[in-house]
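First the structure, in the form of C-alpha coordinates, and then the observations on it.
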Amino acid sequence: PSPLPSPSPSPAAQTAVTERVSFEPGAIGVTVRNNLPDNKSKRYLLECNSGQTMTLKVQEGQVSAAIIAPNGEKVGTANSTSQWQGQLPSSGDYTIEISGDNKANYGVKIEVK
(Lines give C-alpha, C1' and ligand atoms only; values in the text may rest on other atoms or scores of the structure.)
Protein backbone atom coordinates (compact mmCIF):
# COMPACT_ATOMS: atom_id res chain seq x y z
CA PRO A 1 0.00 0.00 0.00
CA SER A 2 1.16 3.55 -0.71
CA PRO A 3 1.95 5.77 2.27
CA LEU A 4 -0.77 8.21 3.28
CA PRO A 5 -0.02 11.91 2.82
CA SER A 6 0.63 13.66 6.12
CA PRO A 7 -2.34 15.71 7.28
CA SER A 8 -1.93 19.41 6.68
CA PRO A 9 -3.25 21.98 9.16
CA SER A 10 -6.68 23.33 8.34
CA PRO A 11 -6.53 26.40 6.07
CA ALA A 12 -8.85 28.35 8.37
CA ALA A 13 -6.29 28.22 11.15
CA GLN A 14 -3.71 29.84 8.90
CA THR A 15 -5.71 32.68 7.40
CA ALA A 16 -4.64 35.45 9.75
CA VAL A 17 -1.74 35.95 12.10
CA THR A 18 -2.18 38.75 14.62
CA GLU A 19 0.79 40.58 16.09
CA ARG A 20 0.78 43.52 18.49
CA VAL A 21 2.75 46.56 17.37
CA SER A 22 4.20 49.12 19.73
CA PHE A 23 6.26 52.21 19.01
CA GLU A 24 9.66 52.91 20.49
CA PRO A 25 9.48 55.56 23.25
CA GLY A 26 9.24 58.98 21.60
CA ALA A 27 8.58 57.56 18.14
CA ILE A 28 5.42 58.43 16.21
CA GLY A 29 5.68 55.59 13.74
CA VAL A 30 6.89 52.11 12.95
CA THR A 31 7.43 50.19 9.73
CA VAL A 32 6.25 46.59 9.79
CA ARG A 33 8.02 44.30 7.35
CA ASN A 34 7.23 40.69 6.66
CA ASN A 35 6.20 38.37 3.89
CA LEU A 36 2.68 37.42 3.00
CA PRO A 37 1.99 33.80 2.04
CA ASP A 38 -0.36 33.20 -0.91
CA ASN A 39 -3.89 34.43 -0.28
CA LYS A 40 -3.37 34.91 3.42
CA SER A 41 -3.53 38.05 5.51
CA LYS A 42 -1.57 39.35 8.47
CA ARG A 43 -3.02 41.51 11.19
CA TYR A 44 -1.33 44.01 13.44
CA LEU A 45 -2.95 45.38 16.60
CA LEU A 46 -2.19 48.92 17.64
CA GLU A 47 -3.62 50.75 20.63
CA CYS A 48 -4.64 54.33 19.75
CA ASN A 49 -6.66 57.16 21.24
CA SER A 50 -9.63 58.92 19.68
CA GLY A 51 -8.72 62.13 17.89
CA GLN A 52 -5.24 60.91 16.94
CA THR A 53 -4.32 61.00 13.25
CA MET A 54 -3.10 57.79 11.64
CA THR A 55 -1.16 57.65 8.40
CA LEU A 56 -0.70 54.32 6.65
CA LYS A 57 1.69 53.98 3.74
CA VAL A 58 2.61 50.83 1.80
CA GLN A 59 6.32 51.29 1.08
CA GLU A 60 7.07 47.89 -0.46
CA GLY A 61 5.06 45.12 -2.02
CA GLN A 62 1.79 44.81 -3.91
CA VAL A 63 -0.40 44.59 -0.84
CA SER A 64 -3.32 46.50 0.61
CA ALA A 65 -3.71 47.48 4.23
CA ALA A 66 -7.13 47.97 5.82
CA ILE A 67 -7.60 49.93 9.04
CA ILE A 68 -10.30 48.45 11.28
CA ALA A 69 -11.59 50.37 14.31
CA PRO A 70 -12.06 48.72 17.73
CA ASN A 71 -15.79 48.26 16.93
CA GLY A 72 -14.97 46.25 13.80
CA GLU A 73 -15.80 49.06 11.35
CA LYS A 74 -13.38 49.56 8.47
CA VAL A 75 -12.16 53.16 8.53
CA GLY A 76 -9.80 53.16 5.55
CA THR A 77 -7.52 51.32 3.15
CA ALA A 78 -4.03 51.99 1.82
CA ASN A 79 -2.21 50.26 -1.02
CA SER A 80 0.96 50.58 -3.07
CA THR A 81 -0.43 53.56 -5.00
CA SER A 82 -2.30 55.49 -2.32
CA GLN A 83 -1.72 56.12 1.36
CA TRP A 84 -4.47 56.58 3.92
CA GLN A 85 -4.66 59.29 6.53
CA GLY A 86 -7.50 59.98 8.89
CA GLN A 87 -8.58 60.93 12.36
CA LEU A 88 -9.36 57.99 14.61
CA PRO A 89 -12.96 57.91 15.85
CA SER A 90 -12.45 56.08 19.14
CA SER A 91 -9.86 54.83 21.62
CA GLY A 92 -8.84 51.17 21.69
CA ASP A 93 -7.12 48.53 19.61
CA TYR A 94 -7.07 49.21 15.88
CA THR A 95 -6.38 46.33 13.52
CA ILE A 96 -4.25 46.85 10.43
CA GLU A 97 -4.96 43.95 8.10
CA ILE A 98 -2.47 43.40 5.31
CA SER A 99 -3.52 41.25 2.39
CA GLY A 100 -2.56 40.57 -1.20
CA ASP A 101 -3.35 38.27 -4.11
CA ASN A 102 0.09 36.74 -4.31
CA LYS A 103 2.97 35.90 -2.08
CA ALA A 104 4.69 39.21 -1.37
CA ASN A 105 7.30 40.80 0.81
CA TYR A 106 5.95 44.00 2.25
CA GLY A 107 6.87 47.05 4.23
CA VAL A 108 4.04 49.16 5.67
CA LYS A 109 4.67 52.34 7.60
CA ILE A 110 2.21 53.22 10.38
CA GLU A 111 2.32 56.66 11.98
CA VAL A 112 0.07 57.95 14.73
CA LYS A 113 0.23 61.46 16.17
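State which residue pairs qualify: first residue under 16 Å from Cys48 (Cα atoms) and inside the range 92-108, second residue of a type in the set (Val, Ile, Thr) in any location, beta carbons under 7 Å apart, and separation of 6 or more residues or different chains.
Tyr94/Ile67; Tyr94/Ile68; Thr95/Ile68; Ile96/Ile67; Ile96/Ile110; Glu97/Ile68
Which of the residues spanning the range 47-64 are open to solvent by 10 Å² or more (accessible area, probe 1.4 Å) and in contact (Cβ under 8 Å) with a residue 60 or more places away in the chain?
Within the range 47-64, Gln52, Thr53 qualify.
So which strands (runs of 3 or more DSSP E) stay within the range 1-106 end to end and still have 2 or more residues that are modelled with pLDDT under 90?
16-20
Is there a residue being under 13 Å from the mean Cα position of the chain (by Cα), surrounded by fewer than 14 Cβ atoms within 10 Å (Cβ to Cβ) and among the basic types (Lys, Arg) anywhere in the range 65-84?
Yes: the range 65-84 contains one or more residues that are under 13 Å from the mean Cα position of the chain (by Cα), surrounded by fewer than 14 Cβ atoms within 10 Å (Cβ to Cβ) and among the basic types (Lys, Arg).
Could you tell me which residue of the range 27-44 is farthest from Gln83 (Cα to Cα), considering only residues that are open to solvent by 40 Å² or more (accessible area, probe 1.4 Å) and touching a Ser or Thr at 6+ places or on another chain (Cβ under 8 Å)?
Lys40
Test Glu47 against the criterion of being closer than 20 Å to Ser22 by Cα and of a type in the set (Asp, Glu), and give yes or no.
yes
The values are calculated or read from the model by the stated rules, or taken from the named source; none is laboratory data. What you see is a predicted model; the values in this text were computed from it and never measured. Every residue, glycine among them, receives a Cβ derived from its backbone with ideal geometry; neighbour counts consider all protein chains shown. In case anyone asks, the SASA skips ligands and DNA or RNA and just uses the protein heavy atoms, side chains included. Shrake-Rupley method; radii C 1.70, N 1.55, O 1.52, S 1.80 Å.
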